[in-house]
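The block underneath contains the structure these notes are about, expressed in structure tokens.
Every number in this text was worked out from the coordinates using simple rules, so none of it is lab data. This structure is a prediction, so every number in the text was calculated from the model and none was measured. FYI the Cβ positions are ideal-geometry reconstructions off the backbone, even for glycines, and counts take in every protein chain you see.
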Amino acid sequence: MSEAADTKDRRLRLLEILKNNEFDDSLEGRYYTSQRKKILYILILIVVIFFTSVIALSIGAVDIPLTETLKAIGHALFPWWIGNPSESYYSTILFKGRLPRICLTILTGVSLAAAGQIMQGILRNPLVSPFTLGVSTAASFGAAMSIVFGAAIFGSVYYMTFTIGSMTMNISDIATALFAFIFGLISIGIVLLLTRRNYVSRSVVILSGVVISYLFQAGIMLAKYMSDDDSLREITLWIMGGMWNATWASVFVTLPVVIVCVIFLEKMAIDINTLSSGDEVASNLGVDVQKLRRNGLIISTLVTSVCIAFTGVIGFIGLMAPHICRMMIGNDCRYLLPTAACMGALILLISDTVARVVIRPDDLPVGIIMYVLGGIFFIWMVTSKNWGKRV
């Protein structure tokens with residue numbers, strides 16, 4: 001029997017199994033059943049994120065009835081069919097304040113979780129994340145430099161604003177985001193430069209990131225020492241992490257970057273699965289291990305830096321989300337990456353919603369909540385008897 005005929009028979013057999021819903025105990029049957037469960041898990045997470053977003057829109061410093069929230073959304077989508085909400089200011093609060101914040105929260109959770117999953121996969125270390133390799137500290141240093149020395153560098157332009165369409169942006173916010181982004185890339189560039197030799201182990205890559213993090217931390221302390229009271233407060237709040245700077249402009253800047261980077265990371269999934277068997281096995285199967293690690297780290301840093309440039313430092317998403325999803329669906333990076341991205345968005349969305357209401361009308365920095373959740377989560381992980389199996 002020819003190969004084409006054999007492939008056709010296998011497809012016909014699979015279609016028959018799907019039609020009759022009679023997956024047997026064969027290896028092929030278990031494989032396709034497992035695939036369906038993983039896809040179902042991703043779809044469930046997407047649905048949960050949607051409903052959580054609707055609830056998050058309704059609560060805040062000013063609570064809006066859920067029915068009015070749905071009415072406002074419906075009117076924005078179908079103005080010829082659904083009328084305005086009972087209060088005119090509901091739409092202003094929802095679409096100019098809360099909705100861009102929720103969108104930026106979801107994008108940030110997706111980017112941090114996806115970057116953390118890829119870094120853990122390519123370095124084969126469950127404790128790696130964008131923050132372990134010094135990206136967050138370097139971005140914080142860049143933001144601190146902009147806050148303290150931005151006016152001296154840009155002059156009066158630093159305090160100007162400009163409008164694109166209906167979106168208004170401050171030059172100072174753009175400068176802070178740009179400096180954070182540039183220094184985030186510089187940090188990973190230094191790590192790659194220090195570990196460019198072929199014989200460098202994965203542990204050296206991680207230690208290099210830790211060392212770079214200490215160097216940039218010294219720069220942050222220097223910036224704090226040289227700043228005035230207002231700048232010191234701004235630096236401290238930025239390092240805590242929060243969604244105060246969420247605008248439609250920041251969403252439109254981060255959205256295309258996150259989409260493109262996540263697509264490229266997903267394309268690496270098969271090679272990362274191969275890499276899990278070891279560098280030598282992956283090389284023998286045709287994977288360029290050094291190129292895979294370099295590209296994975298650069299893209300992960302890019303998507304991380306773009307988001308935290310607007311939100312400040314938010315920790316533990318890149319560690320928690322992959323671990324939680326790995327316990328649910330296993331280690332297949334093709335499904336683990338989108339699942340972890342959805343889980344990261346959900347965790348950060350819930351945390352930011354709590355941050356908005358716990359001391360309302362003020363906002364609590366979401367970074368504080370994430371550090372509490374992350375600490376509790378990893379205390380539970382390391383004290384669990386099955387820690388080794390999970391990671």
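Observations, loosely collected:
- Placing unit charges on each Cβ (+1 for Lys and Arg, -1 for Asp and Glu) gives the chain a dipole about its Cα centre, and among 381, 289, 314 the Cα reaching farthest toward its positive end belongs to 289.
- Positive-end extreme of charge dipole, the chain - chosen from 278, 188, 118 (charges on Cβ): 278
- Residue (of 205, 41, 89) at the positive-pole extreme of the chain, dipole from beta-carbon charges: 205
- Applying 0.36 nm per residue to the separation of residue 152 and residue 47 and subtracting their alpha-carbon distance, the gain on full extension is 33.0 nm.
- Taking label points 7 Å from Cα along the Cα-to-Cβ direction, residue 378 and residue 36 give a separation of 3.9 nm.
- Loop-exposed chymotrypsin sites (Phe, Trp or Tyr not before Pro) per DSSP, neighbour cap 10 Cβ within 10 angstrom, longest uninterrupted part of the chain: 200-391
- Approximating the spin labels as points 7 Å out from Cα along Cα→Cβ, the residue 218-to-residue 87 distance works out to 5.4 nm.
- Scanning the chain for DSSP H helices at least 30 Å long along the axis (C-alpha atoms) with a Kyte-Doolittle mean no lower than 1.6 picks out 171-194.
- Choice from 236, 301, 132 with maximal GNM fluctuation in the chain (Cα, 10 Å cutoff): 236
- The chain: calculated mean residue ellipticity at 222 nm from DSSP helix runs of at least 4, using -39500 (n - 2.57): -25000 deg cm²/dmol
- Between the alpha-carbon centres of segment 32-56 and segment 227-285 there is a gap of 22 Å.
- Restricting segment 303-388 to trypsin sites (Lys or Arg not before Pro) in coil, as DSSP defines it, with at most 12 other Cβ within 10 Å: 385
- A Stokes-Einstein calculation at 4 °C with viscosity 1.567 mPa s, built on the Kirkwood radius of the chain over Cα pairs, returns a diffusion coefficient of 57 µm²/s.
- Taking 0.36 nm per residue of sequence separation and removing the Cα-Cα distance, the residue 368/residue 77 pair yields an extension gain of 101.2 nm.
- Here the chain is assigned +1 on the Cβ of each Lys and Arg and -1 on the Cβ of each Asp and Glu. Its dipole about the Cα centre then comes out at about 680 debye.
- The chain, relative contact order [Cα under 8 Å, separation at least 6], %: 26 percent
- Estimated from the Cβ-Cβ distance and a Förster radius of 51 angstrom, the FRET efficiency linking residue 204 and residue 70 is about 0.40.
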